[in-house]
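Read the structure below first, then the notes.
Laboratory data are not the source of any read-out in this text; all were calculated from the coordinates shown. Predicted model, so just to flag it, every value in this text is computed and none were measured. FYI the Cβ positions are ideal-geometry reconstructions off the backbone, even for glycines, and counts take in every protein chain you see.
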Amino acid sequence: MTEPQDAPAMIEIHRGNPTAEELAAVIAVVSEVYASEVAALEADDGPRPSAWQQGRRNLRRPLNREVGWGRFTG
């Protein structure tokens, strides 16, 4: 089975009569843009946080005991 990047690109020309150099320029530009978009979509292979680190993020901040009770005192 061929990978999508190994498959030949199909180009249909509906108008005009481009030269070989014009076609080569279009193919080069489109190929570069496509490659950069694919590279931007790839997942980062960096280290993933452990389950402990993910759960630690959800803990509540410590209480600020200097604030007092606010409206409830008085």
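What the table below lists for this structure:
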| item | result |
| --- | --- |
| Modelled FRET efficiency - R0 25 Å, E21 with A43, Cβ distances, 0.05 increments | 0.10 |
| Net length gained if the chain between E32 and E12 were fully extended (0.36 nm per residue, minus Cα distance) | 5.3 nm |
| Karplus 3J(HN,Hα) series, Hz, for segment 22-31 with 6.51 cos²θ - 1.76 cosθ + 1.60 (x for Gly, Pro) | 5, 5, 4, 5, 5, 5, 5, 5, 5, 5 |
